[in-house]
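Novice: Take this structure first; my questions come after.
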Amino acid sequence: MELLKKLTRCWSPSGREDNIRELIAAEMEPYVTDVYTDPMGNLICRKKGNGKRLMFAAHMDEIGFMVTNIDDKGFLRFVSVGGISAHNCVNRGVIFENGTRGVISYEKTVRDLNLDKMYIDIGAADRAEAEKKVSVGDMAGYDEDFALMGGCASAKSMDDRVGCYALIKAVQAAKTCPNDLYAVFTVQEELGLRGAKTASFNVEPDMGIAIDVSMVGDTPESAKHSLSLGKGPGVKLKDASFIIHPKAREFMLGAAKAAEIPYQLEAAAYGGTDAGAIHLSGGGVPSGTISVPTRYIHSPREVVNLADVENTVRLVTKMIETGI
Ligand code: CO
Ligand code: ZN
């Protein structure tokens, strides 16, 4: 879990993926033939082979906040970078790239909380002092550390560093690789699958599989959803961005059954993953998504189950070894 801890500690909101890309590239380099960064910033790791092109995608970026205005008293107004609700961030800590720390809070007269009525307090006395530390356009991420709890782990940016972790570990573990394999770590997923769009145009895969977190229905009074923590990775059949291709479904379920890995079927009304962009690239690409069941998605403490994480690694490893 050391690597997962390292990945979740990394500061890299959408559009600023330099830190996380460097970390992942160092992990991947000994195990693949080529590692390169495309113009958008996607990290493309290729294990060259003669067979069909099999692409896996996990996004490197995390949700964050961008400063839009600094007021006379030194409070910062902001917009979210990616989908963040007021519930998820009120009175939580944030950190800017230069290490400046802040707390997100809200106007005290407000009843219906939304981000327009919220601000970041960096402890500045006034505008001039605040401007020494941050400027309009600067981004912050959640300031929260990795923690183990029971059989689970919580951290910021499990979405989708846990997917990056599974892909890294699977490429490192795979004993065979019959395909021309592309492990792609994408940028700007949280802003609408932007990196995956250009990466898959470039790679032209024969099959694309995204690895990402997905919501669960196992907490008190939660919405009805088939996924639970601890019952294995999800095979996502649908969300708002795509519907699984029968070939991808067969590939994923075949590998899970062959390696006797527990899995859960999942159909979601909303949400999206990089598979949404990959399947529509070029002339079309059969695509699927492996889900890591996750509680409190887009909050500063996203919770995953460690057995699910290991089973996700095993599933991706088996898929790489089996090939298409
Ligand atoms: Co997300
Ligand atoms: Zn995600």
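Novice: Give the Debye-formula value of log10 I(q)/I(0) at each listed q (0.13, 0.19, 0.24 Å⁻¹), with one equal scatterer per alpha carbon of segment 239-309, two decimals each.
Specialist: For segment 239-309, the Cα-only Debye profile gives -0.46, -0.91, -1.18.
Novice: Which value, in Å³ per residue, describes the convex hull spanned by the Cα atoms of segment 98-144?
Specialist: Residue-normalised Cα hull volume stands at 103 Å³.
Novice: So, one more: Quick check: the distance between the Cα centres of segment 63-114 and segment 211-230, to the nearest angstrom?
Specialist: Cα centroid of segment 63-114 versus Cα centroid of segment 211-230: 27 Å apart.
Novice: Summarise the accessible area of segment 64-142 (1.4 Å probe, protein heavy atoms) by the percent that is carbon and sulfur. Display every interim value, and only then the final one.
Specialist: Values: 1920 of 4130 Å².
Carbon and sulfur atoms account for 47 percent of the accessible area of segment 64-142.
Novice: Quick one, can you get me the convex hull of the C-alpha atoms of the chain expressed as volume per residue in Å³?
Specialist: Hull volume over Cα atoms, normalised by residue count, gives 128 Å³.
Novice: Let me ask another. Given the options G51, L76, N88, identify the residue whose Cα lies farthest towards the positive end of the charge dipole of segment 30-146 (+1 on Cβ of Lys, Arg; -1 on Cβ of Asp, Glu).
Specialist: Of the options given, the answer is G51.
Novice: In this model, which of K52/K156; K133/K169; K175/K247; K132/K197; K52/K238 are farther than 28 Å apart at the alpha-carbon?
Specialist: On the way: K52/K156 36 Å; K133/K169 38 Å; K175/K247 23 Å; K132/K197 37 Å; K52/K238 25 Å.
Distance filter (> 28 Å) returns K52/K156; K133/K169; K132/K197.
Novice: Calculate how steeply helix 194-203 sits against the longest principal axis of the alpha-carbon atoms of the chain, using the helix alpha-carbon long axis, and give the answer as 0 to 90 degrees to the nearest 10.
Specialist: So the helix axis and the longest Cα principal axis differ by about 30 degrees.
Novice: To the nearest 0.05, how large is the calculated FRET efficiency for T109 and K238 if R₀ is 56 Å and r is the Cβ-Cβ distance?
Specialist: For T109 and K238, the calculated efficiency is 0.85.
Novice: Would you mind working out the magnitude of the charge dipole of segment 1-124 relative to its Cα centre, with +1 at each Lys and Arg C-beta and -1 at each Asp and Glu C-beta, to the nearest 20 Debye?
Specialist: About 380 debye.
Novice: Let me ask something additional. In whole angstrom, and with the biggest value first, how far do the Cα coordinates of segment 1-77 range along each principal axis?
Specialist: Answer, in whole Å and largest first: 62, 29, 15 Å.
Novice: Might you tell me the accessible area per residue for segment 64-142, computed with a 1.4 Å probe and given in Å²? Write out the running numbers ahead of the final one.
Specialist: Working: 4130 Å² over 79 residues.
It amounts to 52 Å² per residue over segment 64-142.
Novice: A further question follows. If I take the Cα coordinates of segment 64-142 and project them onto the principal axes, what are the three extents in Å, biggest first?
Specialist: The principal-axis extents, from largest down, are 32, 25, 17 Å.
Novice: Please list, by residue number, every one of the GluC sites (Glu not before Pro) in segment 224-324 that is coil in DSSP and has at most 16 other beta-carbon atoms within 10 Å.
Specialist: Sparse-neighbourhood loop GluC sites (Glu not before Pro): E260.
Novice: What angle, in degrees between 0 and 90 and rounded to the nearest 10, separates the Cα long axis of helix 18-28 from the longest principal axis of the Cα atoms of the chain?
Specialist: Value to nearest ten degrees: 30.
Novice: Turning to a different aspect of this structure: If you line up the long axis of helix 158-173 against the longest principal axis of the chain, both from Cα atoms, how many degrees apart are they, to the nearest 10?
Specialist: 30 degrees
The values are calculated or read from the model by the stated rules, or taken from the named source; none is laboratory data. None of these values were measured; they are calculated from a predicted model. So basically every Cβ, Gly included, is an ideal-geometry build from the backbone, and we count neighbours across all protein chains shown. Just so you know, the surface numbers come from the protein's heavy atoms only, side chains and all, with ligands and any DNA or RNA stripped out. Shrake-Rupley method; radii C 1.70, N 1.55, O 1.52, S 1.80 Å.
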